[in-house]
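Colleague: Okay, handing you the structure first.
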Amino acid sequence: MSQFYAVLAALLCGMALIGLFQTEDLLRRILALNVLASAVFLLLVTVARSAEGIDPVPHVMVLTGIVVAVSTTAAALALVIRANEARRRHEDEP
Amino acid sequence: MSVLAWGFDMLLAAGLLWLAWQALFTQRRFSAVVNFMAFYLLMALVWVRLDAPDIALAEAAIGAGVTGALLLTALGRLPAGTSVGADPRRWQRPLQHLAMAGAGMGVIWLAWSAYHLPRPGLAGEVTATLDATGVSHAVTAVLLNLRAFDTLLEIVIMLAAVVLVWSLGPPLGPPLRAFAPATALPGLPALSHLLHPFFVLVPVYLLWRGTHAPGGAFPAGAVMGAGGVLLLLTEARPWEYLRHHRLLLHVLLAAGMALFLVVALGGMLLTGTFFAFPLFLAPTLIMAVEIATALSIALMLMAFYLYGEPGQ
Amino acid sequence: MTTFLYAAGAILLLANAGVGAWRILRGPTSADRMLAAEMITTSAIAVLLLLSIVSGQSALVDVALLFALLAAVAMANFVTRTWTLLRDDKDAREEARHD
Amino acid sequence: MTEALHWLGYAFVAAGILFFLAGSLGLLRFPDVFTRLHALTKADNLGLGLICLGLALQASGPAEAVKYLLIWLLMLVASGIGATLIASTALACGLAPRQADRPPSTSTSQRPTEQ
């Protein structure tokens with residue numbers, strides 16, 4: 001079962017990277033980064049299933065990673081909104 | 001039984017791939033965001049399948065709750081049609097493909113090397129030292145005792161993100177106007193009244209459970225933060241109140257990090273090692289750090305949600 | 001037998017949630033998409049409850065509890081922050097009706 | 001007694017799954033937002049409620065049973081109030097409910113009308 005989910009993680013990773021580089025929309029790029037992060041977490045957790053039980057260290061890394069991912073998302077969204085407002089103000093003033 | 005498990009895994013994988021595809025490549029932005037929220041729901045099911053209930057809890061609280069709220073609010077602030085971003089020039093196209101190919105190779109290499117890691121991980125060693133950590137749940141032990149330095153740095157990153165967001169100025173410009181007048185939405189205050197007892201009760205329960213079972217500071221803080229977001233949405237004025245207590249707000253935002261540092265330095269004084277607690281103090285200290293961290297995480301998530309510093 | 005029945009039920013419910021994905025694809029309004037997301041949340045809660053019996057992990061009930069608690073936040077957010085007018089554009093209302 | 005409760009629990013869970021299927025049939029076939037709200041808020045939450053009730057009947061202790069019922073209660077609050085919020089916002093936005101004696105209003109459905 002581990003192998004199955006590792007393949008899934010690789011597929012998601014590839015899809016997220018293509019999305020990240022293809023799109024011109026900044027919001028879509030943030031989504032792509034989040035999908036990429038989820039895929040990497042998935043890979044880490046599949047690695048954690050070992051012969052002698054479940055290794056808690058990768059689980060902890062993923063837990064911290066989730067919180068870091070939400071922080072980056074929030075900061076990036078704030079920047080995108082500001083960029084959009086600045087552009088609108090720029091367009092309103094001739 | 002194994003056929004059923006196989007079928008469940010296949011369905012889950014197909015659903016995840018479909019939702020990720022839709023979130024990344026569909027035309028409409030709103031549709032992309034909704035697909036992405038559903039993607040996080042299915043990710044929680046995947047964590048359950050992989051025997052990681054801690055991650056499932058955190059993903060349910062942070063991914064499905066807070067990230068969804070952040071994205072939905074940002075979506076209301078962005079104009080519907082136009083996309084914000086730079087057009088890639090023609091000469092950039094080959095570079096783009098090159099970067100994509102390179103990243104793809106990197107991913108394959110990473111997956112390959114991860115798959116060939118020596119498989120007996122650290123499970124045995126963690127179990128062996130579990131008695132000396134003061135808690136009986138392995139993930140909490142690693143999170144707040146064995147590798148507490150990582151957790152401290154993570155809180156610092158979160159605080160840095162809050163500083164970045166706040167340095168952009170006051171919360172965003174023109175107020176959004178809901179379609180329906182406030183009198184037509186009597187459900188909003190009712191929602192807040194009915195649910196808030198649970199938004200206090202559930203984090204306490206999660207904190208208590210964290211010492212011996214899946215739970216702990218991250219999901220607890222995230223649930224509290226989501227409750228705070230609901231308060232902001234229903235305009236029950238907690239932020240207005242906090243505006244008059246800016247010092248208190250700043251202290252509470254930094255409380256998790258500060259207590260963490262104090263505990264770490266105190267451990268250094270007592271035992272000579274950074275982040276080493278004496279065993280008889282460990283359960284109390286871990287609980288205190290967890291409570292402070294959960295409070296800080298909740299407030300930081302609320303701060304993210306405003307997209308700017310209040311009271312400026 | 002309990003395990004078998006409940007695992008089969010979980011698969012059925014997960015497949016059932018595919019209808020929600022189809023509705024997100026079709027729309028036509030953003031309210032429809034949001035409703036479909038809530039339908040997927042409800043199905044995920046039911047799947048989690050059944051899985052908690054199948055696998056014997058009682059922590060899954062807590063995950064379901066969090067989903068149930070946070071479904072309301074997404075809904076309130078959508079109504080007050082997303083499906084709204086940013087400015088007094090004439091076409092904005094018409095635009096919002098379609099997506 | 002416990003045997004009977006177990007069988008009752010199975011029956012409730014099976015009925016709950018049936019209600020879920022009925023709800024998604026509604027999501028597939030109903031013509032506009034307002035009718036789809038009915039399908040979701042009523043059918044799906046009844047389905048979830050029956051599943052919760054069935055599992056609570058089979059639960060090993062009262063604490064577990066209370067947790068199952070609490071999940072149902074929270075979901076009822078969320079989706080019941082959410083339904084009123086969405087319905088009134090959609091109405092204020094200008095989406096009219098489809099009625100039998102009138103042609104369907106704009107953009108509520110892209111499907112041809114079925115008489």
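Colleague: Within the bounds of the range C:15-27, is there any residue that is among the polar types (S, T, N, Q) and assigned to a loop (DSSP other than H, G, I, E, B)? So that I can check it myself, show each step before the final result.
Modeller: Restricting attention to the range C:15-27, the residues satisfying the condition of being among the polar types (S, T, N, Q) are C:16.
Within this subset, residues satisfying the condition of being assigned to a loop (DSSP other than H, G, I, E, B) are none.
Within the range C:15-27, none of the residues are among the polar types (S, T, N, Q) and assigned to a loop (DSSP other than H, G, I, E, B).
Colleague: Within the range B:7-29, take every residue that is in contact with a Lys or Arg (Cβ under 8 Å, 6 or more places away or on another chain), of a type in the set (A, V, I, L, M, F, W, C) and within 10 Å of chain A (Cβ to nearest Cβ) and give me the one that is farthest from A:A37 (Cα to Cα). Working first, answer last.
Modeller: Filtering the range B:7-29 down to residues in contact with a Lys or Arg (Cβ under 8 Å, 6 or more places away or on another chain) leaves B:8-9, B:12, B:24, B:29.
Remaining after also requiring of a type in the set (A, V, I, L, M, F, W, C): B:8, B:12, B:24.
Add one more test, that the residue is within 10 Å of chain A (Cβ to nearest Cβ), and what stays is B:12, B:24.
Numbers: B:L12: 18, B:L24: 14 Å.
The extreme case among them is B:L12.
Colleague: Kindly check whether there is at least one residue in the range C:61-79 that is more than 20 Å from B:L185 (Cβ to Cβ) and in contact with a Ser or Thr (Cβ under 7 Å, 6 or more places away or on another chain).
Modeller: So the first thing to find is which residues in the range C:61-79 are more than 20 Å from B:L185 (Cβ to Cβ), and the list is C:61-69.
Within this subset, residues satisfying the condition of being in contact with a Ser or Thr (Cβ under 7 Å, 6 or more places away or on another chain) are C:61, C:67.
Yes, the range C:61-79 contains at least one residue that is more than 20 Å from B:L185 (Cβ to Cβ) and in contact with a Ser or Thr (Cβ under 7 Å, 6 or more places away or on another chain).
Colleague: Which numbered condition trips up C:L5, out of (1) in contact (Cβ under 8 Å) with a residue 24 or more places away in the chain; (2) of a type outside the set (D, E); (3) closer than 22 Å to D:L50 by Cβ?
Modeller: C:L5 satisfies all of (1) in contact (Cβ under 8 Å) with a residue 24 or more places away in the chain; (2) of a type outside the set (D, E); (3) closer than 22 Å to D:L50 by Cβ except (1).
Colleague: If the requirement is being under 24 Å from A:F4 (Cα atoms) and either touching an Asp or Glu at 6+ places or on another chain (Cβ under 7 Å) or in a helix (DSSP H, G or I) (or both), which of these qualifies: A:A32, A:A75, A:A86, A:A69? Steps first, please.
Modeller: Numbers: A:A75 fails: under 24 Å from A:F4 (Cα atoms); A:A86 fails: under 24 Å from A:F4 (Cα atoms); A:A69 fails: under 24 Å from A:F4 (Cα atoms).
Going through A:A32, A:A75, A:A86, A:A69 in turn, just one is under 24 Å from A:F4 (Cα atoms) and either touching an Asp or Glu at 6+ places or on another chain (Cβ under 7 Å) or in a helix (DSSP H, G or I) (or both): A:A32.
Colleague: Can I ask one more? Given the conditions (1) under 24 Å from B:L12 (Cα atoms); (2) outside any helix (DSSP H, G or I); (3) of a type outside the set (A, V, I, L, M, F, W, C), which single one is not true for A:E24?
Modeller: If we test A:E24 against (1) under 24 Å from B:L12 (Cα atoms); (2) outside any helix (DSSP H, G or I); (3) of a type outside the set (A, V, I, L, M, F, W, C), just (1) comes out false.
Colleague: Out of everything in the range C:37-67 that is without any contact (Cβ under 8 Å) to a residue 24 or more places away in the chain, of a type in the set (G, A, S) and in a helix (DSSP H, G or I), what residue ends up being nearest to B:L206 (Cα to Cα)?
Modeller: C:A59
Colleague: Could you please find all residues in the range D:1-26 being surrounded by 22 or more Cβ atoms within 10 Å (Cβ to Cβ) and within 21 Å of C:R33 (Cβ to Cβ)?
Modeller: D:F20, D:G23, D:S24, listed by residue number.
Colleague: Any chance you could count how many residues in the range A:52-65 are surrounded by fewer than 23 Cβ atoms within 10 Å (Cβ to Cβ) and in a helix (DSSP H, G or I)? Write out each step before concluding.
Modeller: At the first step, the residues of the range A:52-65 found to be surrounded by fewer than 23 Cβ atoms within 10 Å (Cβ to Cβ) are A:52-54, A:57, A:61, A:64-65.
When the remaining residues are screened for being in a helix (DSSP H, G or I), the result is A:57, A:61, A:64-65.
Final tally of qualifying residues: 4.
Colleague: Return a yes/no flag: does the range D:48-69 have any residue that is of a type in the set (K, R) and under 20 Å from B:Y205 (Cα atoms).
Modeller: From the range D:48-69, those of a type in the set (K, R) are D:67; that's our starting set.
Now narrow it down to the ones that are under 20 Å from B:Y205 (Cα atoms): D:67.
Yes: one or more hits.
Colleague: Are any residues in the range B:30-45 more than 7 Å from chain A (Cβ to nearest Cβ) and not aromatic (F, W, Y), and if so, which ones?
Modeller: Once the filter is applied, which keeps residues that are more than 7 Å from chain A (Cβ to nearest Cβ) and not aromatic (F, W, Y), the range B:30-45 yields B:S31, B:V33, B:V34, B:N35, B:M37, B:A38, B:L41, B:L42, B:A44, B:L45.
Colleague: Any chance you could count how many residues in the range B:259-303 are under 21 Å from B:F218 (Cβ atoms) and free of Cβ contacts under 8 Å to residues at least 12 places away in the same chain? So that I can check it myself, show each step before the final result.
Modeller: At the first step, the residues of the range B:259-303 found to be under 21 Å from B:F218 (Cβ atoms) are B:259-264, B:275, B:277, B:282-303.
Then drop every residue that is not free of Cβ contacts under 8 Å to residues at least 12 places away in the same chain, which leaves B:262, B:284.
Qualifying residue count for the region: 2.
Colleague: Given the residues C:L14, C:L5, C:L66, C:L50, which is the only one that is modelled with pLDDT of 90 or more and facing chain D (nearest Cβ under 8 Å)?
Modeller: Values: C:L14 fails: facing chain D (nearest Cβ under 8 Å); C:L5 fails: modelled with pLDDT of 90 or more; C:L66 fails: facing chain D (nearest Cβ under 8 Å).
Step by step, each of C:L14, C:L5, C:L66, C:L50 is checked, and only C:L50 is modelled with pLDDT of 90 or more and facing chain D (nearest Cβ under 8 Å).
Colleague: Okay, next question. Tally up the residues in the range A:36-71 that are closer than 20 Å to A:E24 by Cα and at the interface with chain B (Cβ under 7 Å from one of its Cβ atoms), please. Show your work before the answer.
Modeller: Residues of the range A:36-71 that are closer than 20 Å to A:E24 by Cα, as a first pass: A:36-37.
Imposing the further condition that a residue be at the interface with chain B (Cβ under 7 Å from one of its Cβ atoms) reduces the set to none.
Residues that pass the stated criteria total 0.
The values are calculated or read from the model by the stated rules, or taken from the named source; none is laboratory data. Model, not experiment: these values are computed from the prediction. Methodologically, a virtual Cβ is constructed for each residue, glycine included, from the backbone with ideal geometry; neighbour enumeration extends over all protein chains shown.
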